[in-house]
Amino acid sequence: MIDWDMIKVLLTPGETENRSIKVTNIGRGKLDITAKIYYLEQFLFFKAGGTEYEFELDLNETKEVGINFFAKKDQEPGVYPGKIVFTGGPIERIVLIVVEVESEKPLFDVKVEVLPEYRIVYPGDKVLAQLTIYNLGRIGRVDVNVEYGVKDLSGSVIISGNEILAVETQVSVVKTINLPSTIKPDDYVFYSVVNYNHVIGTGSDMFRVIEKMKFRIPTLYVLLILIIFAILVLILIIYKLRKKRRVKKYKPIKKKRK
């Protein structure tokens, strides 16, 4: 059992932050566990050192796995997704990670919220998210550049859009992303980056793409249905033939008049 499904960390260039994940063995015996960081090696490492960590857990034992987050001083602001995978025997658990890097003194902040009915979607569906942009009060009404889109856990942009919005105190807009029909089932990040004079604020939220259910009738059932149908047709034919013979057999004979 793991106490986090997702961890989001907000950093500025040169900043560090520490987090921990509690892992508990609720199985039937001792577990050898491997934890590995994917796609975010430039932003975090285990407190024990490195991006891969092995440890043992006795039954019902709990261990805190320390994680150090950091952003280099020259790190470009943006939204960076990834994951930590915990594997113990046949069991695998995933903790989603999102690192947001903003300018040191952002002039705007942005909150991204995927609408509830779009948190689980199918390939080819659309995803709607509300973007709320806050003017942090150091300037008046200005036009800001708003980038938004969808990234996979490796950080690749699946699809994106761009818009100029006038913001005085705050503004909210709902943006729609049409997902490709070829997108793979997985977890994805709906992100936004607000840029004003190269001063950047970021926001993000998660959603999941699942595989469409395919209704398939097993071949054995199809064969059984065809056999039953053939038997019913045969019974109907036999019934009609017998009925026809019975009517013919008992057909009254008309007497000839003398």
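Only the coordinates and a few stated rules stand behind these numbers; no lab work does. All values reported here derive from a predicted model rather than from experimental measurement. Virtual Cβ from ideal backbone geometry, glycine too; neighbours counted across all protein chains shown.
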Exercise for review: With runs of 4+ DSSP H residues as the only contributors, calculate the mean residue ellipticity of the chain at 222 nm using -39,500 (n - 2.57) per run, divided by the residue total and rounded to the nearest 500.
Suggested key: -4500 deg cm²/dmol
**Study point:** Descending Cα extents along the principal axes, segment 31-173, whole Å
**Key:** 58, 39, 26
Exercise for review: Work out, in µm²/s and without decimals, the Stokes-Einstein translational diffusion coefficient of segment 102-215 at 10 °C, 1.306 mPa s, Rh from Kirkwood over C-alpha pairs.
Suggested key: 108
Practice item. Take peptides 176-187, 192-203 and line them up by average Cβ neighbours within 10 Å, highest first, as a rough protection proxy. Key: 192-203, 176-187
Practice item. Grab every C-alpha pair in segment 1-75, bin the distances at 10 angstrom width from 0 up to the longest one, and report whole percents. Key: 18, 47, 26, 8, 2
Exercise for review: Just the number, please: percent antiparallel of the DSSP beta bridges in the chain, rounded to the nearest 5.
Suggested key: 90
Revision key, fill the gap. Least to most buried among D74, D152, by other C-beta atoms within 10 Å and fewest first, runs D74, D152
Point to revise | Sorted largest first, extent of segment 69-110 alpha carbons per principal axis (Å) | key: 47, 22, 11
Exercise for review: Over the residues of segment 154-243, compute the C-alpha Rg and express it relative to 2.2 N^0.38 Å.
Suggested key: 2.38
Point to revise | Size descriptor, Kirkwood hydrodynamic radius, that averages inverse alpha-carbon separations across the chain, Å | key: 23.0
Review point. What is the packing order of peptides 102-108, 157-163, 121-127, taking the mean over residues of other C-beta atoms within 10 Å and listing the highest first?
Key: 102-108, 121-127, 157-163
